[in-house]
Amino acid sequence: MDTSNNVLLVEDDVALSKLVGGLLDEAGYSPVTITDHALIGAAVDRWQPRLVILDGEIRKTGEGRSWEDAVAIRRAHPDIPVVMFSANSDDLAEARAGTTERSRAASFAGIVGKPFVIEEFLATVKSVVDRPVPADQNVASEAGDEAIKVFPDIGQHLVADWPATDLFATVVHELRAPLTVMRGQTQLARRYIGRDPARERGAIDTALAQMDRMARLISELLNQSRLSSNALSLNVVVFDLVDAVAAAMTRHQYAETARITFERPPATVAVRGDPKRIAEILDNLLDNAIKYSAENSPVEIALTVHGGEAHVRVADHGVGVPTSERSMLFTPFYRTSRTTDVHGTGLGLHISQQLAKRHGGRLWLEASTEAGSVFVLAIPLRK
């Protein structure tokens, strides 16, 4: 297997990974892309890249992990250079200065900020790839040993309420990802003007899709902010939950073959709440059920009454939630290890659960295996 032109790209954003991979391919490299930082070691061993481009992924705790990942690569493969690919201006400045313990230990061979200029990005890659490997690699091993003290393994500890600084860092990271793709695709479209109308149109369409993605993210962030500050108002009325569920099913029943079924109760189910907000919860549950399942796999909805509550049960046949990650599922920005290759913000379930609580209700994961998951929304009946 020829690995002479392999470049490993570690990027958790699918659209951005596709953009950068395409740029590397056009420049004559063989891009290998992964989204999970836990797979870096195995990917490096298998593909033996000439360069690793490492994104500034935000941990589930809100902290960045570029530094320890870079040190781990240097410790195991001191001859492989690493390029920082980050939207965090503080990290970029620290890496460029190279005066802190962790910046010296990581010793990035190149630094690219997001959003980026295509020509500058490719020039950085070429410069690092063409740079001769230093003869003495002992320094890298020493830096790696030192880094064990500098970067402790904080594991997967999570708290329900993140510090504001961590949440802000995550928000910036999430917003800059679609912005980076938009800028990159716009530059590509400009390149193709008058030369390749099909690719020009494709780049513009991708940029427009990222604008829609950013608009959805901003909307979710506003909801999250209002919920956190108790500033989200509810327009409470009495309505039939059967009709609300049926309407949500219709909104998501867009495949040629109907894949969503609804087990209706024999009578109306009157609840008291904000129909718009309840619809948002239902839309999120159905959207997830479809998004994380195989195409045309069934989604089953059942509405039942238990005591003083109405229970809406949404069952899918998707990827499921790993047992070790279920306690973190409703945490802001959390995405499971099985969903990183699908677009999402990690806010939908958190916001939906908070909205359910505002109605005096509940939202939880009832069951999950590798064959699918069952989520349950409970809303109090009209008193």
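The values are calculated or read from the model by the stated rules, or taken from the named source; none is laboratory data. Keep in mind it's a predicted model, so treat the numbers as computed, not measured. Heads up, the Cβs are rebuilt from the backbone with ideal geometry, glycines too, and the neighbour counts pull from every protein chain shown. Heavy atoms of the whole protein, side chains included, go into the accessibility calculation; ligands, DNA and RNA do not. Shrake-Rupley method; radii C 1.70, N 1.55, O 1.52, S 1.80 Å.
Per-structure values
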{"quantity": "Where the chain is the region considered: accessible area per residue in Å², 1.4 Å probe", "calculated": "49"}
{"quantity": "Extension gain from S337 to Q253, taking 0.36 nm per residue of separation minus the Cα-Cα distance", "calculated": "27.5 nm"}
{"quantity": "Cα pair distances in the chain, grouped into 20 Å bins until the bin that holds the longest one, percent each", "calculated": "25, 51, 22, 2"}
{"quantity": "Placed amide H near T33: partners under 5 Å, 5+ positions off or other chain", "calculated": "L9"}
{"quantity": "Rounded to whole Hz, the Karplus (6.51, -1.76, 1.60) HN-Hα couplings of segment 282-298, x for glycine and proline", "calculated": "4, 4, 5, 5, 6, 4, 5, 4, 6, 5, 9, 10, 5, 4, 6, 6, x"}
{"quantity": "With all protein chains modelled, accessible area of R272 [1.4 Å, Å²]", "calculated": "130"}
{"quantity": "Relative contact order of segment 1-118, pairs being alpha-carbon contacts under 8 Å that are 6 or more residues apart, as %", "calculated": "23"}
{"quantity": "If the convex hull is drawn through the Cα atoms of segment 25-123, its volume per residue in Å³", "calculated": "109"}
{"quantity": "Amide H within-cut-off set for V299, under 5 Å, with H built and near neighbours excluded", "calculated": "I260, T261"}
{"quantity": "Rounded to 10°, Cα long-axis angle of helix 197-228 versus longest principal axis of the chain", "calculated": "60"}
{"quantity": "Segment S30-D45, length gained on full extension (0.36 nm per residue, minus Cα span)", "calculated": "3.8 nm"}
{"quantity": "Karplus 3J(HN,Hα) series, Hz, for segment 90-107 with 6.51 cos²θ - 1.76 cosθ + 1.60 (x for Gly, Pro)", "calculated": "5, 5, 4, 5, 5, 5, 5, 5, x, 9, 8, 4, 6, 5, 5, 5, 5, 6"}
{"quantity": "Within the accessible area of segment 170-221 (1.4 Å probe), percent carbon and sulfur", "calculated": "57"}
{"quantity": "Loop sites in segment 186-258: GluC sites (Glu not before Pro), DSSP, at most 12 other Cβ within 10 Å", "calculated": "E256"}
{"quantity": "13 Å reach of a label modelled at N230, 7 Å along Cα-to-Cβ, counting backbone N of segment 344-383", "calculated": "358"}
{"quantity": "Long-range HN-HN contacts of L381 with modeled amide H, under 5 Å", "calculated": "E309, A310"}
{"quantity": "Label-point gap, in nm, between V237 and T268 - each point 7 angstrom along Cα→Cβ", "calculated": "1.3"}
{"quantity": "Per-peptide average of other Cβ atoms within 10 Å, ordering 186-192, 103-109 highest first", "calculated": "103-109, 186-192"}
{"quantity": "Of the chymotrypsin sites (Phe, Trp or Tyr not before Pro) in segment 202-289, those whose Cβ has at most 13 other Cβ within 10 Å and which sit in DSSP loop", "calculated": "Y254"}
{"quantity": "Rounded Å value of the spacing that divides the Cα centres of segment 82-135 and segment 306-383", "calculated": "39"}
